[in-house]
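First up is the structure itself, then whatever we jot down about it.
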Amino acid sequence: MTLKPALRTLAQSYTNQTLKQYQLSYHTKPLCHLHAIAFSPKTESFVSESRNYGIAHHLLDKTPQRDLLEYNHLLFEYFRNDRNNEGIILFVGLWRSGLRVNGSILSSVLKVCGCLSDQVAGRQLHCQCVKSGCAEDVSVGTSLVDMYMKTEGVRDGRRVFDEMGDRTVVSWTSLIAGYARNGLNDQALELFSEMRLEGNKPNPHTFVTVLGVLAAKGMVEKGSQVHTMVIKNGFESITFVCNSLINMYLKSGIVKDAKAVFDCMPNRDAVTWNSLIAGYVINGLDLEAFEMFNQMGLAGVKFTQPIFVTIIKLCANYKELVFARQLQCRVLKSGLAFDRNIKTALMVAYSKCSEMDDAYKMFSMMQGFQSVVTWTAMISGYLQNGGTEQAVKLFCQMSREGVKPNDFTYSAILMARPSFSIGQVHAQVIKTNYEKSPSVGTSLIDAYVKMQNVHEAEKVFHIIDEKDIVAWSAMLSGYAQIGDTEGAVKIYLQLAREGVIPNEFTLSSIINACAAPTAAVEQGKQFHACSIKLRLNNTLCLSSALVTMYAKRGNIESANEVFKRQGERDLVSWNSMISGYAQHGNGKKVLEVFEDMRRENLEMDGITFIIMISACTHAGLVDEGKKYFNIMVQDYHIDPTMEHYSCMVDLYSRAGNLEKAMDIINGMPFEAGANAWRALLGACRIHRNIELGKLAAEKLIALQPQDSAAYVLLSNIYAAAGNWQERAKVRKLMDERNVKKQPGYSWIEVKNKTYSFLAGDLSHPMSDLIYSKLEELNNRLSDMGYQPDTNYVLHDVEEEHKAAFLSQHSERLAIAFGLIAKPPGSTIQILKNLRVCGDCHAVIKLISVIEARDIVVRDSNRFHHFKDGLCSCGDYW
């Protein structure tokens, strides 16, 4: 018979039925003696020492004269040792015996109802307490309070307490502990004060409860006051009270005071050592935790399961493989080899040390005892060590074996893209009702964002019930990745309206969104101001995002100021600054920052050298680019990737050394990718090498048949050579394959509004004024001796028409509008999605002189800073 049916049957017997109706057999072991033995004090001692409750139960059953004291003693032993079902069976047997149940017995049974969270049975016993008149008993009342508090009946527990005639310190402690257990910490502290005002002296258990509440709330000052009270009451040498003091100080970050309590303790148990070691870990004092573990061993204290788990986790964090193996040996000697938590910790430690075979052995040893936690840990281990395929297989095996994934499992497996269909996992998430989970929802958002599917990411985002700051940041990051500044700002404003306080990662995401070409210039500055108000502007990820944002928005000076103010810098910070200078064509500064970086002895990665070679490419520093490629391979032992080889092809191609560029392509250890052929094709257009350009175009079209760049560049090569027939064939091929040429747009921001222009655009409301300004500029340009370079017009038309085409390029329209709409002397900044043509480049240099304006143009390659008739690119781009 299980517990609840037994108690409900018992309740029925209280309503004028007798327990004799129940044929309940509770003899679980054979009788050890052939004759009756009296249940004497000597026998009681035997029971307590041996814990052989089956024998004790039979001894009691065979005792000729049994009384309540004997029953109560055995009941107490059962309940104290968490053998609740057996205690209930004994209680039913007691009722069968015909003895009248007293308050002490009822108190014990109420305690077990609390332990088993069975409020229904507890209420039935409460009724019997009232009927039998035992409710007035202080021990029964206290047990009722305890039962209701443990079964989430806070109001009923408080009502019982208020109705008690006599209250002891145990009664008060039960009530205070109940409030704390149910998360009502403020009320628990109020009760503690009320208790003392009524003249009740707290006992050690009261202090333990209150210290736990103060630890949870981080109220260290109040905790120090309670510490003083502990000393005044003479409890400072009680081990479990000191353990609570250590826990309270460590959770509040006061490590020094926790250690002082530890040092003054006359007796320490395993909980003491574990509390201090775990506290050191929580406060980031990992080496001190290792040292304390060593001292624990020297002190002869037996290592317990929590100690092993804590230290093994530390080994995992530090990838201490040798120490982890030593600990596994200690575990075996300690007889804890079959503990699931220790095995899981060892499995994780081996995974983090990249010993996946050993990790899998630990996992296999748990066959039959594997929980969702162990499955998830093993899946995560494979993913962290590049074993994506194994992780997916394990996830499928887990499902076949009937183990249901939890939110951590889904969050982990969603990292395994593209080895599985995200749609299939998403469907399983919906079926198991985890889609509203913040952690799973955030992982789904991240997965969809990486697929550039922000629409699906938005759907998941709106479904999440309680969005944490990680979910908000992930959604903002998605908008930033696709350059949707407007969408990112809307989400950020929604976040602010809902009272969510952004962290540095949230702000870095929105600032990355403000680095998009179409973002308003002032938006990034406004979010920079927000970061200053929140005192987050100097955090590493945010300051690096600010460097990138200012550099991409054309303000390299502000980017440098942020960089100089960084208190600490990582590789991302340095790469951001180098990339900024590279985008602005300041090759000299790039080399200076790189040398500063080398002096810092920072370990560089492949991205650093991609930036360096690209910077040399745009500055025409061929020898330097080659030097840095060799430094990467020879000094830093970084294997060149396709990106590095593509940069080298671009380096030689722009310099006109097409033969060397082809040597790089032919010498690669793998087939050249689209970027390498695109770089070569672009250079063939500039240097008018038709044959090599045709080869490059064919290779590029084979790799990316729907990319318009290959067709357009090849047709431009034919057009520049006057081969209009071949050009027409290329255009016809584009039509047949439905490949659309990307139109050339230019954007300019005026008064926080962005305007776009196409070549020959007449859609702007101020078109008449814009074209009038263009005509004025053309006249002044002619006066300065300007002659249009019609080689940049790739249409088979008359020369005068070619000049007209050039004068109506989108960048010139945008500049003309800027000259009209922006205050005199202010800088004009425009963005173009294609490479600025050579003729427009020459014209803009002259306009900077005519209008006495600084003009900044960001084309598809780099920034051009025009001032006093010169360009920062040195006419090399």
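The values are calculated or read from the model by the stated rules, or taken from the named source; none is laboratory data. From a predicted model like this one, the values you see are computed outputs, not experimental measurements. Every residue, glycine among them, receives a Cβ derived from its backbone with ideal geometry; neighbour counts consider all protein chains shown. For accessibility, only protein heavy atoms count, side chains too; no ligands or nucleic acids. Shrake-Rupley method; radii C 1.70, N 1.55, O 1.52, S 1.80 Å.
Excluding ligands, DNA and RNA, what is the solvent-accessible area per residue of the chain at a probe of 1.4 Å, expressed in Å²?
Values: 42230 Å² over 877 residues.
Normalised by residue count, the accessible surface of the chain is 48 Å².
Quick one: angle between helix 674-687 and the longest Cα principal axis of the chain, in degrees between 0 and 90, rounded to 10, please.
20 degrees
Enter the mean projected area of the convex hull around the alpha-carbon atoms of region 419-515, in nm², rounded to one decimal.
Numbers: hull surface 23.5 nm².
Across all orientations, region 419-515 yields a mean hull projection of 5.9 nm².
Which FRET efficiency value, to the nearest 0.05, is calculated for Ile469 and Arg497 with the Förster distance at 25 angstrom and r the Cβ-Cβ distance? Mind showing how you got there, number by number?
Numbers: r = 15 Å, r/R0 = 0.59.
That gives a FRET efficiency of 0.95.
Going down the table (Lys589/Lys627; Lys490/Lys822; Lys361/Lys404; Lys302/Lys352), which pairs top 19 Å between alpha carbons? Spell out each step's value before the answer.
Details: Lys589/Lys627 17 Å; Lys490/Lys822 28 Å; Lys361/Lys404 22 Å; Lys302/Lys352 27 Å.
From the list (Lys589/Lys627; Lys490/Lys822; Lys361/Lys404; Lys302/Lys352), the Cα-Cα distance tops 19 Å for Lys490/Lys822; Lys361/Lys404; Lys302/Lys352.
Given the DSSP H assignment, sum -39500 (n - 2.57) over each helix run of at least 4 residues in the chain and divide by its residue total; what's the result at 222 nm in deg cm²/dmol, nearest 500?
Details: 47 runs with 580 residues, N = 877.
Helix-only estimate at 222 nm: -20500 deg cm²/dmol.
Amide H to amide H, which residues 5 or more places from His864 or on other chains are under 5 Å from it, using H placed in the peptide plane?
When sequence neighbours closer than 5 places are left aside, the close amide H contacts are Val857, Arg858, Asp859.
Counting Lys +1, Arg +1, Asp -1, Glu -1, what net charge surrounds Ser756 among other residues with beta carbon under 13 Å of its beta carbon?
On the way: positive: Lys753, Lys832; negative: Glu749, Asp761, Glu811.
Every neighbour counted, the sum reads -1.
Under the Karplus relation 6.51 cos²θ - 1.76 cosθ + 1.60, θ = phi - 60°, what is the ordered set of whole-Hz ³J(HN,Hα) values for region 397-408, x standing for Gly and Pro?
Ordered by residue, 3J(HN,Hα) equals 5, 4, 5, 5, 7, x, 8, 7, x, 10, 5, 5 Hz.
Where does helix 422-431 land angle-wise versus the long Cα axis of the chain, in degrees 0 to 90, nearest 10?
30 degrees
Given H placed 1.01 Å from N in the peptide plane, which residues other than close sequence neighbours of Val750 have an amide H under 5 Å from its amide H?
For Val750, whose amide H was placed from the backbone, the distant partners under 5 Å are Tyr755.
Going Cα to Cα from Lys660, which aspartates and glutamates come in below 19 Å? Please leave out same-chain ones fewer than 8 positions away.
Here the aspartates and glutamates satisfying the reach criterion relative to Lys660 are Asp623, Glu624, Glu643, Asp650, Glu671, Glu691.
Would you mind calculating the gained length between Asp623 and Val849 on full extension (0.36 nm times residue separation, minus the Cα-Cα distance), in nm to one decimal?
Difference between extended and current length: 78.0 nm.
Determine, from the Cβ-Cβ distance of Asn630 and His687 and an R0 of 30 Å, the FRET efficiency 1/(1 + (r/R0)^6), rounded to the nearest 0.05. It would help to have the intermediate numbers written out before the result.
Details: r = 26 Å, r/R0 = 0.86.
So the FRET efficiency works out to roughly 0.70.
In whole Hz, what ³J(HN,Hα) sequence does region 116-127 give by Karplus (6.51, -1.76, 1.60; θ = phi - 60°), x for Gly and Pro?
For region 116-127, the Karplus-derived couplings read 8, 6, 9, 6, 4, 5, x, 5, 4, 5, 4, 4 Hz, x marking Gly and Pro.
Any of Lys741/Lys832; Lys111/Lys201; Lys251/Lys436; Lys251/Lys533; Lys217/Lys436 with alpha carbons more than 19 Å apart? Name them for me. List each step's numbers first, then the result.
Values: Lys741/Lys832 15 Å; Lys111/Lys201 24 Å; Lys251/Lys436 31 Å; Lys251/Lys533 29 Å; Lys217/Lys436 28 Å.
In this structure, Lys111/Lys201; Lys251/Lys436; Lys251/Lys533; Lys217/Lys436 lie more than 19 Å apart at Cα.
For every other residue with a beta carbon closer than 14 angstrom to the beta carbon of Leu346, add +1 if it is Lys or Arg and -1 if Asp or Glu, then tell me the sum.
Around Leu346, the surrounding residues sum to +3.
For Ala337 and Thr432, what does the FRET efficiency come to when R0 = 25 Å and r is the distance between their Cβ atoms, rounded to the nearest 0.05?
Details: r = 34 Å, r/R0 = 1.34.
Rounded to the nearest 0.05, the efficiency is 0.15.
For the chain, give the percent of accessible area contributed by carbon and sulfur heavy atoms, probe 1.4 Å, rounded to a whole number. Could you put the intermediate results ahead of the total?
Working: 21380 of 42230 Å².
Heavy-atom surface of the chain belonging to carbon and sulfur, 1.4 Å probe: 51 percent.
Per-residue HN-Hα couplings for region 518-528, Karplus 6.51 cos²θ - 1.76 cosθ + 1.60 at θ = phi - 60°, whole Hz, x for Gly and Pro?
Ordered by residue, 3J(HN,Hα) equals 8, 6, 5, 4, 6, 4, x, 5, 5, 6, 4 Hz.
What is the set of long-range amide H partners of Asn833 at a cut-off below 5 Å, with H atoms built 1.01 Å from backbone N?
Tyr745
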